[in-house]
Amino acid sequence: MVSRVVVAVYKDGVLKPVEPLSLDEHKTVRLSILEDQEAGTLHPHITRVSGVCGGRPIVQGTRIPVQTIVGYYKLGMSVDEILDGLPHLTAAQVFDALSDYHDNQAEIEADIAAAEPEVLLERYGLRMEPTGRVVPAE
């Protein structure tokens, strides 16, 4: 069996070869990631997965968005307190999430703002009654 390295790009959940494959190769080639040269270099504990949390940055191996950790931190919680609340995370993961936030602050702040209750109520045509019940806006 003859094998060769095919350079491919992972985008929108699909791994596509950079150069076209011949028809014969296209039938038999299996693409695999040998080394991801972009992700994992600056923030080894942070990733994006299409279909998980809207493709927003998450702690690798979890479904915990970076914005959640940032939210706890902005509430005044220390890293130790965050770890008490999320005991399956490591300190390295929490610190890396905070580092990712500082590197991508504008994007993550926009995600946090978009998740504010007022924004969500308006987006989905809802209102909140004084009792706290969410109902369709009239």
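The values are calculated or read from the model by the stated rules, or taken from the named source; none is laboratory data. Because the structure is a prediction, the values reported are computed rather than measured. Here Cβ is always computed from backbone atoms with ideal geometry, including for glycine, and neighbour counts include all displayed protein chains.
Would you pick out the residues in the stretch 109-138 that are closer than 19 Å to G55 by Cα and touching a Lys or Arg at 6+ places or on another chain (Cβ under 8 Å)? Residue satisfying the conditions is D111 alone. Among the residues of the stretch 76-96, not a single one is touching a residue at least 40 places away in the same chain (Cβ under 8 Å), assigned to a helix (DSSP H, G or I) and among the β-branched types (V, I, T).
For the stretch 97-121, the candidate set comprises residues that are of a type in the set (D, E, K, R) and in contact (Cβ under 8 Å) with a residue 40 or more places away in the chain; within that set, the residue that is surrounded by the fewest Cβ atoms within 10 Å (Cβ to Cβ) is D103.
In the set E122, E118, E107, which member is of a type outside the set (A, V, I, L, M, F, W, C) and within 16 Å of the chain's Cα centre (by Cα)? Just a single option satisfies the conditions, and that option is E107.
Exactly one residue among V59, V18, V7 is modelled with pLDDT of 70 or more, touching an Asp or Glu at 6+ places or on another chain (Cβ under 9 Å) and not small (G, A, S), and that residue is V59.
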